[in-house]
1. When you scan region A:81-109, how many residues do you find that are more than 29 Å from the chain's Cα centre (by Cα), open to solvent by 30 Å² or more (accessible area, probe 1.4 Å) and more than 8 Å from every other protein chain (Cβ to nearest Cβ)?
2. Return the pair list, or none, for Cβ contacts closer than 8 Å from residues in region B:8-37 that are among the aliphatic types (A, V, I, L, M) to residues that are modelled with pLDDT under 90 and outside any helix (DSSP H, G or I), at least 6 apart or on different chains.
3. Between a residue in region B:55-71 that is open to solvent by 100 Å² or more (accessible area, probe 1.4 Å) and any residue that is assigned to a helix (DSSP H, G or I), which pairs come within a Cβ distance under 6 Å, given they are 6 or more apart or on different chains?
4. With respect to A:T222, determine if the residue is closer than 26 Å to A:Q298 by Cα and open to solvent by 50 Å² or more (accessible area, probe 1.4 Å).
5. Looking at B:S8, B:S31, B:S27, which one is farther than 25 Å from B:F108 by Cβ and among the polar types (S, T, N, Q)?
6. Can you confirm whether A:K74 is open to solvent by 40 Å² or more (accessible area, probe 1.4 Å) and either within 16 Å of ligand 1 (Cβ to nearest atom) or more than 14 Å from chain B (Cβ to nearest Cβ) (or both)?
7. Looking at (1) of a type outside the set (K, R); (2) out of contact with any strand residue (DSSP E or B) (no Cβ under 9 Å at 6 or more places or on another chain); (3) within 14 Å of chain A (Cβ to nearest Cβ), which is the only condition B:I33 fails?
8. Does A:I33 fit the bill of being more than 10 Å from ligand 1 (Cβ to nearest atom) and under 20 Å from A:F240 (Cα atoms)?
Amino acid sequence: MIEVRDVTKIYSAKGKDIVGVKNVSLKIEKGEIFGIVGYSGAGKSSLLRCLNLLEKPTSGEILIDGVSITKLSKKELREERLKIGMIFQHFYLISAKTVYENIAFALKAAGKKKDEINHKTLELLKMVGLENQKDQYPAQLSGGQKQRVGIARALANDPKVLLCDEATSALDPNTTKAILSLLQSINKELGITIVLITHEMEVVKEICHRMAVMQDGEIIETGDVYNLFAHPEKELTKSFISSVIQMNLPEPLLKGRKGVVIKIHFKGAIAEEAVVSELFQNFKVKGNILHGKIEYIQETPLGIFIMELIGEETEVKRAMDYIKDRIENLEVVKHVA
Amino acid sequence: MLLESLYSILPDLNKAFFETLYMVAISLGVSLIVGLPLGVILFVTDRGLLFENVWIKQTAGILVNLIRSVPFIILLVALLPLTQLITGTTIGPTAASVSLSVAAIPFFARLVETSLREIDKGVIEAAVAVGATPWMIIREVLLPEAKPGIVQAITVTAISLLGYSAMAGIVGGGGIGDFAIRFGYYRYDNTIMFTTVVLLIVIVQLMQVIGDGVARAVNKR
Ligand SMILES: Nc1ncnc2c1ncn2[C@@H]1O[C@H](COP(=O)(O)OP(=O)(O)OP(=O)(O)O)[C@@H](O)[C@H]1O
Ligand SMILES: [Mg+2]
């Protein structure tokens, strides 16, 4: 649905060229929530802003539903933008307009009739839970409420896509959760494709289906969120993941272990834990559980289990083979003597 | 004694007062009508904005600076032919309003431009992202957002016009300034001098208080 083809964005400021986005190609499917993470200055905003041409790519092409938006006329682009909602970290509401007027503004931009504007605005207010605040000014609202107005405004013209630039970065954890679940329900119920950028891995873990990791203007790794969490390849991806999931055994615990320490990754069905107990019934080994943790990436569990196997060498080896054979989803990651 | 001399000048003072009011009102009106769009043009033709246009931006900018750098008293004299052309005379408050307007337009336009510049670029960008037309953005985003600043600009312009109108009195513009000079300065009448100064102070204070009040009322931030 959104296709980014070899897009590069170079800013020239004070005679110097600054690379914002470098040769990025990307496909975002209809109905998914796609997350882009990266540290500050990685080029996330630049890339996102290219998607509705707030920033004109220096080279490359962007297609939305097969239409190359980089080739549209000013008027056509304006019409296309009605179909691409956007929300921002700092909300950017019109401070001189009430909540109602801020939302109605978007409908006016689409040339809607007065009755229709009124009807739709009230409907949107209800959806984001701000019916009682409709006549207040943005300055009178909390951050979470302001973002809800931003969301209502972005959704006013029934867009196909919602672009979110650090939409929750200015909010406290509880409000973040509430806004994320609102975004999630918008995605599920209205089928709107969401592209969000963030430097908080927590956000990606919470609601994204697929993700990309950006560094220095480039996308260095991309894939299904669950798979990337389970098998990150690039160092940067690993460091992002470790910010939300601590999967390593604390160093001191490894010291002075006599047996073989194995690390098992659980993926998917949690019932596979049963294998561990079977292990102790079938083999003459003793288990010493050192560390265990299960994280839920949306609904699916991702866990590790680190234990020390103590017993005769051959028996330990057989036990490990037993694990390897039994379940593909369990892997022995490490042998430590 | 004091009261008596005050009483005797009252009719003249009254006339002068309304002449000043008339000059300030006309030139303020003209500078709003011309200066507001000019201020908006100065802003929207700037780099990276709705109607980015270096040529217009430069031309308007130079013109504005040119007028603003000419001392008012010189402008007053230099514009006499234009005044004659427009009003058919070079004397009286109507005639004085011409040069007052010419001086106030660029002044007010720059103040408008400054208050537009204070709007968060993100708010404008959000309106662009929504798909609004540039015209709609000017009317529904730029002007409402800059409203408190524009009200303040009107206040400042009105107060400056009051000062300039006194100067216009020198070339026969009439008004309080003219009155103060003719009766107070040339005739060494301290009572008249003092009264007119007090009157001017009161008017300025009043304008400021009203301006601040309105600016506060329209500010929703
Ligand atoms: N308008 C601009 N003019 C010049 N350089 C810019 C501009 N916008 C962004 N850049 C530069 O492009 C690079 C990428 O910036 P970008 O804002 O896309 O990063 P980001 O990943 O969104 O960072 P953050 O998390 O801080 O928002 C940075 O080096 C930045 O300085
Ligand atoms: Mg950014």
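1. 2
2. Going by the 8 Å Cβ cut-off, the qualifying pairs are B:A16/B:G174; B:M23/B:G173; B:M23/B:G174.
3. Qualifying pairs under 6 Å: B:R68/B:P106.
4. Considered against the rule, which asks whether it is closer than 26 Å to A:Q298 by Cα and open to solvent by 50 Å² or more (accessible area, probe 1.4 Å), A:T222 comes out as yes.
5. From the options B:S8, B:S31, B:S27, the qualifying one is B:S8.
6. Working: open to solvent by 40 Å² or more (accessible area, probe 1.4 Å): yes; either within 16 Å of ligand 1 (Cβ to nearest atom) or more than 14 Å from chain B (Cβ to nearest Cβ) (or both): no.
In short, no.
7. Every condition holds for B:I33 apart from (3).
8. On the way: more than 10 Å from ligand 1 (Cβ to nearest atom): yes; under 20 Å from A:F240 (Cα atoms): yes.
Yes.
The values are calculated or read from the model by the stated rules, or taken from the named source; none is laboratory data. Nothing here was measured: the structure is a model prediction, and the numbers come from that model. Cβ: placed from backbone, ideal geometry, glycine included. Neighbour counts: every protein chain shown. For accessibility, only protein heavy atoms count, side chains too; no ligands or nucleic acids. Shrake-Rupley method; radii C 1.70, N 1.55, O 1.52, S 1.80 Å.
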